[in-house]
Amino acid sequence: MSGDSIIRGRVTPDGRLVTADAPLAALQAEAGGIVGGPLVVPALAHLTRTALRLGVTIARPVSIVSGASDIALWARMKPDADGVDLTLIEWEERPRAPDPVDAVALGTHAELARDGWIWHVDASLQFRIVDANEAATGHAPPRAGEPLSAYFRLLEAEGIDTDPSERLPLLAAVAARRPFSRQPALLRADPTIRYSLAALPTFDALGRLTGYRGKAIPEAAEDAAPARPATQDESTYSPLFSRRLDNALRQPLGRIIANANTISHQLEGPLRADYASYAADIAEAGRHLVELVDDLSDLQAIERPDFAVAHEEVDVADLGRRAAGLLKMRAAERQILIEAPQADETMLATAEYRRVLQILVNLIGNAVRYSPDGSHIWVRMDDDPATDRVRVIVADQGRGIDPADQERIFERFERLTPQDNAGSGLGLYISRRLARAMGGDIRVESALGQGSRFMLSLPRWTGG
């Protein structure tokens, strides 16, 4: 079935699934239940009970074991006086795969001895040092601050059919903080030019990953391994790419973060304070990488030719309150006050619940990141009957944005200065693409030293 389909169901206050679209009904039957009987799919039943108990809408990703597959989906439970409306989107069945093998890349040092040009990237994979010039390479070398993925197009390595996590050696290596070699890559500016990438990780005195020092080795056409055919199912835009990204990065990063948190919290016994602090730094770096992976996953999703969003009734005032609540603690650490919409304020739009929340978390999170300590952030609603649009406005007292840069910040991997290492440089690009996919847009009004106002507009909900 299409991942863009909307699957609906209805659960009564006593937990009976009284209506269900075919995929949900089949899932209920597989779990041993029937339509008309108690909802017995554990993950969905738990969320339904929680929504009924709290009396609030709950929306979150869900994983369900089904036969030989895992089903990943986004579930929304909206309670009312007569029960709960279930909405399931982005339903995707994934063959269950074994945990990726965390093997050490072999031959990196030998690869680095080959002829090629030297490059250094930081922990976010942006070029910092490049020992190359156009006369030697035959093409323009990378610029300082340019993302590696914007300069090279990474290809799948050949001959590694048993472990999907190793098909992109660079990504697997970043997750495990280890060397890599034989990463095939094409020059994006000229895809006829092919390289093999190899690199060693670099660390600071506290053991934190600071980047990679590597070499780009030119590959003659007759010596290079053939690129895998780009089919509909295995292209960079396909869901299969997301699964490989999950296997290569999210699972090992999750283990790194969990183990580092165990060490830093000294759950296994007392530990020297400096060692506990090192572990906390490792966990924080891991969380930063997970955010980067999430952004890369969203990027490949929105650039798929068949990307689509759900169109449903959403209360953007409620989502503004939720997004502000998610960032309240982060803001409080710097004495920043977020003023959210009033509890009784409502404004309905036609959009996708999850995507609007994602956009608002990004906009408010940016406002917190770039606002001075002790300042204010406002999240306000605005209704424009003339355009049949509703707007969410996020205003801050930050450093402001020069008018000349106000469109550039919506481009991929863009930052206002090379020293700005916060985030991935993808958040605003993804947010605007999502807003436009829902029939809206994001605009900014700002001036240097006068703060910024980011405005998310969406079509008004007209019913139906």
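Within the range 124-152, how many residues are in contact with a helix residue (DSSP H, G or I) (Cβ under 9 Å, 6 or more places away or on another chain) and assigned to a helix (DSSP H, G or I)?
2
Give me the residue from the range 271-317 that is of a type in the set (Val, Ile, Thr) and modelled with pLDDT of 75 or more and, out of that set, surrounded by the fewest Cβ atoms within 10 Å (Cβ to Cβ).
My answer is Val309.
What number of residues within the range 19-28 satisfy the criterion of being crowded, with 16+ Cβ neighbours inside 10 Å, hydrophobic (A, V, I, L, M, F, W, C) and either touching a His at 6+ places or on another chain (Cβ under 7 Å) or part of a helix (DSSP H, G or I) (or both)?
The number of residues fulfilling the criteria is 3.
Scan Arg16, Arg49, Arg8 and give me the residue that is surrounded by fewer than 17 Cβ atoms within 10 Å (Cβ to Cβ), among the basic types (Lys, Arg) and closer than 17 Å to Glu92 by Cα.
After ruling out the rest, the residue left standing is Arg8.
Answer yes if at least one residue in the range 437-455 is of a type in the set (Ser, Thr, Tyr) and either in a strand (DSSP E or B) or in contact with a Cys (Cβ under 9 Å, 6 or more places away or on another chain) (or both), and no otherwise.
Yes; the residues of the range 437-455 include at least one that is of a type in the set (Ser, Thr, Tyr) and either in a strand (DSSP E or B) or in contact with a Cys (Cβ under 9 Å, 6 or more places away or on another chain) (or both).
Collect the residues in the range 108-119 that are surrounded by fewer than 19 Cβ atoms within 10 Å (Cβ to Cβ) and either out of contact with any Ser or Thr (no Cβ under 7 Å at 6 or more places or on another chain) or part of a loop (DSSP other than H, G, I, E, B) (or both), keeping them in residue-number order.
His109, Ala110, Leu112, Ala113, Arg114, Asp115, Ile118
Condition (residue is surrounded by 15 or more Cβ atoms within 10 Å (Cβ to Cβ) and not in a strand (DSSP E or B)) applied to the range 58-75: is it met by at least one residue?
No: zero hits.
Write out, first by first residue and then by second, each pair whose Cβ atoms fall under 6 Å of each other, whose residues are 6+ apart or on separate chains, and whose first residue, in the range 120-142, is surrounded by 12 or more Cβ atoms within 10 Å (Cβ to Cβ) while the second is of a type in the set (Asp, Glu) and assigned to a loop (DSSP other than H, G, I, E, B).
Hits for this filter: Phe127/Glu146.
Quick check on this structure: which one of Pro42, Pro13 is more than 30 Å from the chain's Cα centre (by Cα), under 30 Å from Ala323 (Cα atoms) and assigned by TED's automatic domain parsing to the domain that holds Asp85?
Pro13
Please indicate, with yes or no, whether at least one residue in the range 338-351 is surrounded by fewer than 19 Cβ atoms within 10 Å (Cβ to Cβ) and touching a His at 6+ places or on another chain (Cβ under 8 Å).
Step one: filter the range 338-351 for residues surrounded by fewer than 19 Cβ atoms within 10 Å (Cβ to Cβ), giving 339, 342-346, 348.
Adding the requirement that they be touching a His at 6+ places or on another chain (Cβ under 8 Å) leaves 339.
Scanning the range 338-351, I find at least one residue that is surrounded by fewer than 19 Cβ atoms within 10 Å (Cβ to Cβ) and touching a His at 6+ places or on another chain (Cβ under 8 Å), so the answer is yes.
The values are calculated or read from the model by the stated rules, or taken from the named source; none is laboratory data. Keep in mind it's a predicted model, so treat the numbers as computed, not measured. Cβ atoms come from the backbone with ideal geometry, glycine included; neighbour counts cover every protein chain shown.
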